[in-house]
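Read-outs: derived from the displayed coordinates by stated rules, not from any lab. Values in this document were obtained by computation on a predicted structure and should not be read as measured data. Cβ: placed from backbone, ideal geometry, glycine included. Neighbour counts: every protein chain shown.
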Amino acid sequence: TVESSEDIVDDDEKASHDWFTAIYPNGDILTPNTVLSTDLSSFAVIWIHVDQTGLQPGPNNLPAALIDGDVVNALSTYYKEGGNLLLTNHATQYIISLGRLATDRSPGIFGSGEGGSGSDVWSFNPNIGMIYDNSTHPIFESMDRVNDFGFPTIPLIGPGHREDHNSMWDLNSYSYAAPGENVVEKFQNENSVRILATWGHVTDFCCAGMIEFYPTAEYKGRCIAIGLAAYEWNQNSNPNIYQDQIELLTSNILKYLQQ
């Protein structure tokens, strides 16, 4: 959302930028200006990462450069014509800006505070309600598991200071006309999506922290959105013992979306 990498303020956004440029030397960094002057169809995937302390909830409160009308139109056209998106942290809200989800389906579990210290491990559970098991999804390939809750979950950040920056969906907060046995099925059927993961300790249907958006007649591209606070690129107090997990998850997703 800035024109130069030197102008990136948030440490997590800077860390993801630096990792991307090191791992994908043939990749490009798009800025508010270049996104309008570049042939976006040349990209297999565009990754948008927003993670900012103090950000207010709601798509309209995303960085101004991202929700500029021309930028939204350019990225929406890219997505509609078959381009693929990875939206992470607060950028999950951008799926509303692009029109892929209705405005009343905006992520309602939101945080942007300073966070605090803890001795536990933050992980996610790919087995939604302990019924819909996504553990063999390609984006989770080769990722380590922990058993802190009596069942396997996938860790992303270890003990230390963590920013509690969720931007995910409370499935119980919506009214549905779509069919389904529960709110997971109803949300999936309503929006042509697959809920991939929730918080590590959650075993019911309440929350969607990672969603795969399938192509539709209007939006021919694919999208994966990660709104779990555990997806934090720079742990402020100490090196994250699970940093390799965050990097592997991201690489897996970028590979998957290009297939």
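Things to note:
- Among residues of region 64-75 that are closer than 9 Å to Val35 by Cα, those with a beta-carbon under 7 Å from a residue that is of a type outside the set (A, V, I, L, M, F, W, C) at least six positions away or on a different chain give the pairs Val71/Pro32.
- Residues that are in contact with a strand residue (DSSP E or B) (Cβ under 7 Å, 6 or more places away or on another chain) and among the charged types (D, E, K, R) within region 188-227 comprise Arg194, Glu212, Arg222, listed in sequence order.
- Restricted to region 5-53, and to residues there that are farther than 26 Å from Lys255 by Cα and out of contact with any Asp or Glu (no Cβ under 9 Å at 6 or more places or on another chain), the residue that is surrounded by the fewest Cβ atoms within 10 Å (Cβ to Cβ) is Glu6.
- Listed by first and then second residue, the pairs linking a residue in region 115-129 that is more than 12 Å from Phe151 (Cβ to Cβ) to a residue that is among the acidic types (Asp, Glu) and surrounded by 18 or more Cβ atoms within 10 Å (Cβ to Cβ), with Cβ atoms under 6 Å apart and 6 or more places separating them unless they lie on different chains, are Gly115/Glu163.
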